[in-house]
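The values are calculated or read from the model by the stated rules, or taken from the named source; none is laboratory data. These numbers come from a predicted model, not from an experiment. For neighbour counting, all protein chains shown are included, and Cβ atoms are generated from backbone atoms with ideal geometry for every residue, glycine included. Only protein heavy atoms, including side chains, enter the accessible area calculation; ligands, DNA and RNA are left aside. Shrake-Rupley method; radii C 1.70, N 1.55, O 1.52, S 1.80 Å.
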Amino acid sequence: MKISRIVAASALLVAAPTIANEKADDRAKARENFQQADADSNRKLTRAEFRNFINANADDDIGRAAMVRRFGAYEKAFERLDANKDGEINAQELAAARRE
């Protein structure tokens, strides 16, 4: 039993850099998807741009985007992320949601 715990812990230590790299890769790809979805380049996403952003992230298997797309929960996700309720989502609002 102790050996299996040691093996499991060792596997996690070995996998941790890979997991960290995958998360960094996901963040970089999400930033790229944000820029591509931001059609007017104002660094904010409207509801239509947000839908494109979610779809791109779902295609790249980032975060919960596939679930949002599968359930058609774009509006619910948008409302949750739009912290200041200005009808647009900016990078700071996305980052705050990621930390929650």
Gain upon complete extension [Asp26, Ala73; 0.36 nm per residue less C-alpha separation]: 14.8 nm
At R0 = 25 Å, FRET efficiency that the Cβ-Cβ distance of Glu100 and Gln36 yields, to 0.05: 0.50
Residue-normalised accessible area of segment 54-100, expressed per residue, 1.4 Å probe, Å²: 66 Å²
Cleavage-rule hits, trypsin sites (Lys or Arg not before Pro), segment 33-84, DSSP coil, Cβ neighbours within 10 Å at most 16: Arg43, Arg64
Extended-chain gain in nm, criterion 0.36 nm per residue less alpha-carbon gap, Asp60 and Ala48: 2.4 nm
